[in-house]
Each structure stands twice: as structure tokens, then as C-alpha cells.
Amino acid sequence: MSTSPDWDVIVIGSGIGGLVTASQLAAKGASTLVLEQYLIPGGSGGSFQRKGYTFDVGASMIFGFGEHGHTNLLTRALADVGQHCETVPDPVQLEYHLPDGLTMAVDRDYEGFITRMSARFPDEAKGIRAFYDTCWQVFRCLDAMPLLSLEDPAYLAKVFFRAPLACLGLARWLPFNVGDVARKHIRDQDLLRLIDMECFCWSVMPADRTPMINAGMVFSDRHAGGINYPRGGVGTIAEKLVAGLEAHGGSIRYRARVKNVLIEQGRAVGVILSDGEELRGKRIVSNATRWDTFAGEGSPDSTLVAKDHTPAAETTWRRRYQPSSSFLSVHLGVRGDVVPEDFHCHHLLLEDWNELEAEQGVIFVSIPTLLDPSLAPEGRHIVHTFTMSDIQHWDGLKPKDYRAKKQQDASRLIQRLESILPGLSEAI
Ligand SMILES: Cc1cc2nc3c(=O)[nH]c(=O)nc-3n(C[C@H](O)[C@H](O)[C@H](O)COP(=O)(O)OP(=O)(O)OC[C@H]3O[C@@H](n4cnc5c(N)ncnc54)[C@H](O)[C@@H]3O)c2cc1C
């Protein structure tokens with residue numbers, strides 16, 4: 001059997017990360033193959049079709065479609081491979097529905113947002129401005145340098161010589177979490193909790209465990225590049241990246257689950273698919289989770305790279321990071337009249353502050369048809385709702401019990417959503 005490489009690079013997984021990597025490599029002349037176990041590209045950023053609806057698998061609040069700077073990662077990743085996504089600007093990032101009737105919408109317009117926040121917390125107007133302006137300082141540093149990993153000091157050191165001032169500005173914030181900075185400017189407990197929720201929305205951690213660098217990015221880019229919904233569904237991004245990959249001679253195979261990475265003399269030289277097929281590449285890139293890729297604490301029994309080939313550094317990394325929870329996701333097609341015309345696309349709902357990090361505590365809701373009605377049949381809307389639900393609550397259930405729990409938990413979720421969408425249960 002020939003052992004010469006079939007490809008320059010084999011990428012395992014067609015999530016947005018895998019596809020951006022693959023298409024960039026193809027555009028630079030590397031022969032690149034993507035292997036995807038599922039039927040469609042995009043992973044958590046894909047879309048699937050059912051009965052005339054186009055549902056987003058997971059993500060639908062999309063950053064990175066700005067026009068300027070370095071943080072418009074999607075715009076640039078697509079342009080690099082000759083592609084472009086038409087997007088619909090979202091005038092409001094999201095609306096919070098919090099305990100004790102506290103609601104807050106986050107306007108795309110920064111001044112509009114600060115005014116709205118200050119009107120709700122007038123005694124904290126100065127602190128609100130100071131806190132969010134600090135986030136802008138961080139953002140300006142980020143936007144001035146080429147972005148890869150925000151959390152890797154070694155990477156930041158590498159780009160130091162290309163953007164020294166931006167790096168120095170950023171390095172200053174590395175040791176801080178959002179909670180440290182928020183408490184410096186703000187006293188009001190409800191407002192601090194709202195900032196916890198602002199962090200939880202995308203880091204699934206409260207402010208005290210969310211790095212300031214990440215907050216600088218999210219809390220400012222939503223006003224700079226803004227939140228923009230790709231027309232035709234979030235999966236369009238992945239489809240365009242696949243088109244860019246193929247236009248540059250790359251290839252993607254679906255229903256191709258990689259079982260193992262082939263290692264020879266300490267180097268990854270290929271992959272073995274679940275049907276036994278072997279493919280060889282000069283470089284192997286994994287877009288599967290870190291836990292599915294390498295062996296160690298928190299990993300399943302079988303990983304892409306076996307225990308004896310997992311680098312020692314992986315153990316150190318796992319001491320610093322924990323996997324975030326899984327989500328229970330419910331995709332609904334609903335009668336259009338249940339969604340008020342002036343409703344915002346994205347919402348977060350929590351009834352009790354003690355439940356912030358609890359299993360099925362915070363509910364996320366997206367109604368992308370408010371931005372792109374073509375995703376649903378006429379007169380209908382899509383309501384996508386999800387909540388944290390760790391796999392341990394589902395693992396090991398018999399199929400009958402699994403189905404019953406799924407039905408029961410979904411019904412409870414829909415029932416809770418009645419507080420912001422009265423009549424929802426009857427409109428499905
Ligand atoms: C419910 C939900 C809502 C979200 N909402 C938002 C949002 O609004 N905004 C936002 O910015 N982010 C959101 N996110 C997060 C965002 O979707 C993810 O961070 C992002 O899509 C992850 O991309 P990825 O490329 O790292 O991996 P993934 O999307 O996980 O892709 C990995 C791919 O690899 C494939 N794969 C894995 N193992 C193998 C194997 N052995 N062989 C072959 N293929 C394999 C998988 O099938 C998958 O297609 C959300 C996530 C979820 C789950």
C-alpha cells in the first residue's frame with residue numbers, strides 16, 4: 001500500500017473553525033480535504049431544512065460581519081476565498097428578561113444603549129459610561145492587530161512586533177476579569193447582576209469568570225461591526241466557505257467520520273475513517289473538540305489521538321479550562337401572530353438569580369424570521385430556544401426514557417417562554 005500523502009492537509013470536521021482553516025489553506029495553494037461526519041457543513045453554525053423551514057442548528061447571533069478593522073473575521077475569511085454573504089443588520093443585539101421585572105435591550109447604537117442603561121440606573125450613569133468605555137479601550141487594541149487566539153500569551157508575544165502599542169494596551173487587561181472592572185465603576189447590585197448576564201450570554205460564565213479581553217471584544221463589536229444575520233440562514237456562511245474551498249481545489253466529504261488520527265514516528269500522518277478507509281495527509285487538523293481529539297481527563301474512552309500520543313501539555317491545559325455545558329435545543333415553527341411585530345430577534349430569560357448557572361436556568365431565544373422571513377413559510381415564524389443541560393442528565397437513559405424526558409423538558413421550556421410570548425404553546 002502507498003504511504004505517500006493523498007493531501008497536503010486533512011481537516012477533521014466542517015464547523016466554521018474547520019472550514020475557515022481549510023478554505024484559507026486551499027486559497028494559499030495547499031491541497032485540502034475536509035472530512036465531516038454529518039450530512040451538512042457548519043457544525044453548530046449550520047442550518048437544516050424541515051417542512052419548509054430553515055432552522056439554525058445553534059448560533060444565530062453572528063459577530064464578525066463588520067466592514068473595518070481586524071475583528072470582522074467572517075467578512076475577511078469569506079473575501080479571502082472570493083465569497084460574500086448578504087446580511088441583515090440587527091438593530092438590537094438582544095433583550096434581557098430578568099428577575100423582578102428587569103428588562104434591558106442592547107441597541108446596536110452605542111449611545112442609544114448607554115442612554116437606555118443610564119435611564120434604568122440613573123445613579124450609575126457615570127459608572128455605566130466608564131465601564132463600557134473601558135471595554136472600547138480593549139476593543140480598539142484588538143481591532144488594531146491580526147487576531148488569532150485572545151487567550152494565548154505566547155501568540156500575543158508573537159504579534160507584539162507587528163502592533164506593539166495595541167499589544168501593550170491589551171496585555172494590561174490580561175489578568176482581569178469583567179467582574180473586577182465592573183465593580184470598580186459600579187455599585188448597584190442589580191446592575192452588576194445584569195453585567196453577569198451580559199457575560200453569561202456568550203461565555204456561559206458570570207462576570208467574575210469572564211476575561212476582560214473577551215468582553216472588550218463582544219461588548220464593543222456589537223456596536224462597531226454589529227450583529228448581522230446571514231440572509232438564508234446561518235448555514236449560508238458554511239456553504240459559502242465550502243464553495244470557496246472547492247473553488248480553490250479543495251474538497252469536502254460528508255458522512256465521513258474520522259475514528260483515529262494515524263500517528264507514525266510521533267507525527268500525525270493520516271486518518272482512519274469509521275469504515276476502515278485510510279487517508280494520508282502531510283498535516284492533520286482537528287476541528288473536533290479538544291476533549292474528542294486528545295485523551296485525558298474529561299475525554300471519552302476513545303479519542304482521535306490515543307493516550308500514548310497525547311502531548312503532555314494537554315494535561316496542563318485541562319487544569320485551566322473546563323468544558324462548557326451541552327444545550328437542550330428546541331426548534332419550533334409557529335403561527336406568525338404569536339410574535340409581536342416590534343419584537344427583537346434575540347432574548348435571554350431568567351426568573352431567579354440563583355439559577356443563573358443552574359441546569360436549564362437561563363433560556364436563550366432566537367426568532368431569525370424577524371430578520372429574514374424567507375426562512376419560514378408565509379405567515380409563520382421560527383422560534384429557536386435553548387438552555388444549558390449537561391449531558392450527564394441524559395447519558396445512560398433508555399431510548400423510551402430519553403424521548404419522554406426530551407418531550408417533558410421541551411414542554412417546560414415552551415411553558416416558561418409564555419411569559420414573553422403569550423400563546424406560544426397553542427401556536428406551534
Ligand atoms: C445552541 C447553540 C447556540 C449558539 N449560539 C451562538 C450565537 O448565537 N453566536 C455565536 O457566536 N456562537 C454561538 N454558539 C457557539 C458557536 O456555534 C460555536 O462556537 C461554533 O459554531 C463552533 O465552531 P467550531 O468550528 O469550533 O466547531 P463545531 O461547530 O462544533 O464543528 C465541529 C464539526 O466537526 C465535526 N466532527 C467532530 N468530530 C468529527 C469526526 N471524528 N469526524 C468527522 N467530523 C467530525 C462535527 O460534526 C462538526 O460539524 C452557539 C452554540 C450552540 C450549541
Centre separation in Å (Cα based) which lies between region 39-93 and region 258-306: 28
Sorted by Cβ density within 10 Å, fewest first, the residues 23, 251, 329: 251, 329, 23
Proximal aspartates and glutamates to residue 51, defined as alpha-carbon separation beneath 18 angstrom and excluding residues fewer than eight positions away on the same chain: 372, 378
Cα-centre dipole for the chain with unit charges at Cβ (Lys and Arg positive, Asp and Glu negative), debye to 20: 1020
Residues of type lysines that residue 282 reaches as a straight line, Cα spacing below 22 Å, ignoring anything fewer than 8 places off in the same chain: 28, 259, 307
Charge dipole magnitude, Cβ of K and R +1, D and E -1 - region 277-428, Cα centre, debye nearest 20: 640
Where N is the number of residues in the chain, Cα Rg divided by 2.2 N^0.38 Å: 1.02
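Among the complete DSSP H segments of the chain, which ones combine at least 20 Å of alpha-carbon extent along their axis with a mean Kyte-Doolittle hydropathy of -0.5 or more?
Details: long enough: 125-143 (27 Å, 0.00); 189-203 (21 Å, 0.36); 399-417 (27 Å, -1.62).
Membrane-span-like by this rule: 125-143, 189-203.
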For residue 259, distant residues with modelled amide H under 5 Å away: 272, 273, 274
Protection proxy ranking, peptides 279-292, 254-267, average beta carbon neighbours within 10 Å, highest first: 279-292, 254-267
Relative exposure of 199, 141, judged by other C-beta atoms within 10 Å (fewest first): 141, 199
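Quick note: the coordinates plus some simple rules give every number you see, no bench work behind them. All values reported here derive from a predicted model rather than from experimental measurement. Please note: Cβ atoms are built from the backbone with ideal geometry, for glycine as well, and neighbour counts cover all protein chains shown.
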